[in-house]
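Structure first, then comments.
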Amino acid sequence: MMKSPTSQAVSRIRWSPLALHLGLLLGAGLASLPAVHAADLSWSGFATAGYAVSDRSYTYERYVDRSGTFRRDSLAGAQLVAELAPRWSATVQATMAPSVSDDQRWDARLQWAFLSYRLSNDTLLRAGKLRMPMYLFSENMQVGASYDVMHLPTEVYSTAPTNDYTGLAFSRNWSLASGELGLEAYAGRTSLTARAQQGGSSPGELHTRSGGVVLAYRHEDDVWRMGWQRSRIRVDGMGKGAGPLEPQQGGSDIAPGVPLGADSDGIDTRVALLGADLHFNNGLRAVSEYAWRHAANAVTPKNSQGAYLTLLRPVGKWTPYVTLARLLSERAARVAEGTRGGVDDQRSLSLGSSYSLSPNSKFKLEWMQVHIGTSSSLIDHSAGAGVVQHQNLNVLSASYSVVY
């Protein structure tokens, strides 16, 4: 089980201002409607206690080093859905998890807080705080019991500038002779505090305006998915009005660089994604996603491509799997910045398995080997230390996930 926070850690748990504002707004909206009967309310919860340790002294994926950590994969959350009227509903989801901006803090946050209006059986409008639907597992990425791998591949799941937004979403489904076609369009804004860089100045504020469209085809258990997203990222308090900043390895991968100057309209980031989740007659399942990212107006070049392939096959209550993943910045960036960090050149091999303790809980084990080429932005290094290059690191992970 996950260790209980100390009194010092508890004092550092905070609700984000946006979460508080959305919660109060949604609460006021519910209070202004006719009374909602208990039968119109439904709730669920989820939690993961996960431990990871590597064979290196430097930190990988914010937390993982040879001393071990519960922070990378551990969280708890709850979701409430209120059916307000035949066409109206409200959804709130809150989590307790490590902060996105401070490695030493845990945050209680509203991940979802939105109203839904169903125009018809096939058409839905939503407004509020939502999850961007770019990846195959975007909607359930924090619910570890809903998938069999230990950790969704960071080589792909770090490519979008942000996973959440406050705004609007429109979705429409069409029933076909064989399968179903779905379209989702969305637009909104996100503001958050950037994670402080190792040895860098104080963190700044990231303000993101995003919009995108996703097309998905479903046939029985198979899913094919493609999406396009464009974002404008403005960074306040980090290099604004100053000369180019020295690229640093590690830190937040939410934004792929810093603006060129005070007059910049921000970093113009475009992400395209393709994904497929396929099931075969012999029980074999193949899951793969590919992401292409282009960032204009960035001091640190972060044009990159990421991809992974996971093969799974259930054997009784066990589901063993193997994952190959790759993250690679464009060649010009690797040549120009590779010796100073700030670019991505890594691949990983993961071997693991989940074990279904019950229909609502899973235990998972995984060994992952990561090969670092030119450098990796997923690694933190101490001030004055050289960039980690041309070496392997091994990560052992274990977790217990439950939904209820």
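Using a 1.4 Å probe on the protein heavy atoms only, what accessible surface does residue 219 show? Give it in Å² to the nearest 10.
Answer for residue 219: close to 60 Å² accessible.
Treat every Asp and Glu Cβ in segment 77-126 as -1 and every Lys and Arg Cβ as +1, leave all other atoms uncharged, and give the resulting dipole magnitude about the Cα centre to the nearest 20 debye.
With only Lys, Arg, Asp and Glu charged at Cβ, the dipole is about 200 debye.
Carbon-plus-sulfur fraction of the accessible area of segment 28-173, 1.4 Å probe, in percent?
Answer for segment 28-173: carbon and sulfur cover 57 percent of the accessible area.
Which peptide among 177-185, 75-83 comes first, and what is the full order, when sorted by highest mean count of other Cβ atoms within 10 Å?
So the peptides 177-185, 75-83, ranked by packing, come out 75-83, 177-185.
Can you compute the modelled spin-label distance between residue 317 and residue 390, with each label point 7 Å from Cα toward Cβ, in nm?
Going by the 7 Å Cα→Cβ label model, 4.8 nm.
Given the protein chains as shown and a 1.4 Å probe, how many square angstrom of residue 362 are accessible, to the nearest 10?
Per-residue accessible area (residue 362): approximately 30 Å².
Top to bottom by accessible area (1.4 Å), largest first, where do 61, 205, 220 land?
220, 205, 61
Which distance in nm do the two modelled labels at residue 349 and residue 398 give, with both placed 7 Å along the Cα-to-Cβ direction?
Simple spin-label model gives 2.4 nm for this pair.
For the pair residue 43 and residue 183, how long in nm is the line joining their label points, each one 7 Å along Cα→Cβ?
The answer from the label model is 3.9 nm.
Enter the Cα centre distance for the pair segment 74-143 and segment 325-404, rounded to the nearest angstrom.
Cα centres, segment 74-143 to segment 325-404: 27 Å.
Rolling a 1.4 angstrom probe over the protein heavy atoms, how many square angstrom per residue are accessible across segment 117-180?
Heavy-atom accessible area per residue stands at 39 Å².
Where nothing but the Cβ of Lys and Arg (+1) and of Asp and Glu (-1) is charged, how large is the charge dipole of segment 300-393 around its Cα centre, in debye to the nearest 20?
Taking the Cα centre of segment 300-393 as origin, the dipole is about 340 debye.
The values are calculated or read from the model by the stated rules, or taken from the named source; none is laboratory data. This one's a predicted model, so the numbers in the text were calculated from it and none came from an experiment. Every residue, glycine as well, gets a Cβ built from its backbone with ideal geometry; the counts of neighbours run over all protein chains shown. SASA here: full protein model, heavy atoms, side chains in, ligands and nucleic acids out. Shrake-Rupley method; radii C 1.70, N 1.55, O 1.52, S 1.80 Å.
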